[in-house]
Amino acid sequence: MNPNASPKIFLLLAVVMIATGVVLVDQHDAQAGEVPASGYKVLEPIRHGNLTVFPVVAAKSYPTGEFMTLDEGLRSGDVVVTEAGNVQGLIRRHTAPVIRNGGGAEVNRLVLVNNSKRPLLLLAGEIVSGGKQDRVIGKDRIVPAESDPVDLSVFCVEPGRWVASSNNFGASEAMYGRNVGGPIHGNAAPPMAMMAQPSVRAKAMADKDQGQVWAEVRKQQSAMETVEVSAGAAPVATEIASTSSYAKVNENAEVKKQVDAVAKPIEQNYQSLIRQLRDRNAVGVVVAVNGRIIWADVFASTDLLEKYWPKLVRSYASEAVVTRAKDVEVGVSQAQAFLGDMEGRHETIETEPGIYRHTEATGDGFKAFSLMSLLPKTGFDVHVAKMAE
């Protein structure tokens, strides 16, 4: 290292957390090297147990302040999600559509109304609880401000129930009480819509098959039954077996404890890192479990990443908890190669003119998904996700 070099050229990322076992390794500042053609540069990882998260910085950041997240919309009441058949009329006549109890509910269809003056960003994998069954959103999309009711493509993640628990949908209790987005009551944060773990997200996003989603939910439920329990705790297997709800499985006290043990150290250390890397556009992560790269989530801005980070890291941690194996390390070069290869052999494009374009690319051993905003003054990818197959 040149002793006369500005300290801004190198960023110290080495933090050894003895109490938690988290290691944040030294990384040469991304600004000192060339940014890859993809526009994204992978930094040295944060590791905890068998979960490895590689921070990603971007060559450019975009203004995303106008977008509202599902969590923000549900908390404010500006966004209403209900069963198909509960919305009277499909045309907005200067007032909010009337919500009514009625027939016509379908497993793979919900209706959403955005009464906000801001466009709504939905991510595949977000879970809404309530109605006749909990559902997972199957595709990234943008819902325009003050929209007419729109049909959502969803998949059930609660195969054992078809009885209404509520008229509308809300956030899962698995994310209640998280210290996220600022306190509202003491240290408690507003509820958030749970994010399904990557293996479940993959079935909804890539396979688009309800049977495959149900099979994966049952598989993960069985895996959760074997989590370690604290002395004197109620049997996990018995409690989990009593429900078919994917969300309620993740609400189990012992399951939450195991997920927290993995998620919290990485969540806190990356949140700190985001603050350090804000001027360098920290926008996402590449994720590995047991030394195998499985996923990447990248956003258009640091602000969006910060909003989604708490529930994303819990989804990655949930995957790590149920896929225990001999730990094998994976390095930056592999993560960079994974993120850099987005060219597929086949592409499927879906467009809502003036709102968004959704692209699904199938390549050798992966699928990549990008959501581009077509709203005025945008024209950029709001979210990019990539999964290993």
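The values are calculated or read from the model by the stated rules, or taken from the named source; none is laboratory data. What you see is a predicted model; the values in this text were computed from it and never measured. Backbone-built Cβ (ideal geometry, glycine too); neighbour counts: all protein chains shown. These area figures cover heavy atoms from the full protein model, side chains too; ligands, DNA and RNA do not enter into them. Shrake-Rupley method; radii C 1.70, N 1.55, O 1.52, S 1.80 Å.
Data overview
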| quantity | calculated |
| --- | --- |
| Environment charge of M372, counting only residues whose C-beta is closer than 14 Å and scoring Lys/Arg +1, Asp/Glu -1 | -2 |
| Surface accessible to a 1.4 Å probe, M194 within the full protein complex, Å² | 10 |
| In nm, spacing of pseudo-spin labels at T226 and E352 (7 Å Cα→C-beta vector) | 4.2 |
| Cα→Cβ-extended label distance, 7 Å offset, between A215 and S333, nm | 3.7 |
| Rounded accessible area of Y246 (nearest 10 Å², 1.4 Å probe) | 10 |
| By accessible area with a 1.4 Å probe, ligands and nucleic acids excluded, highest first: order of R292, R278, R141 | R292, R278, R141 |
| Residues K208 and E106, FRET efficiency given R0 of 22 Å [Cβ-Cβ distance, rounded to 0.05] | 0.90 |
| Amide H within-cut-off set for V283, under 5 Å, with H built and near neighbours excluded | V56, V57, A58 |
| Net charge, I137 excluded, C-beta distance under 11 Å - Lys, Arg +1, Asp, Glu -1 | +2 |
| DSSP-loop GluC sites (Glu not before Pro) across segment 315-369, with at most 14 other Cβ within 10 angstrom | E329, E343 |
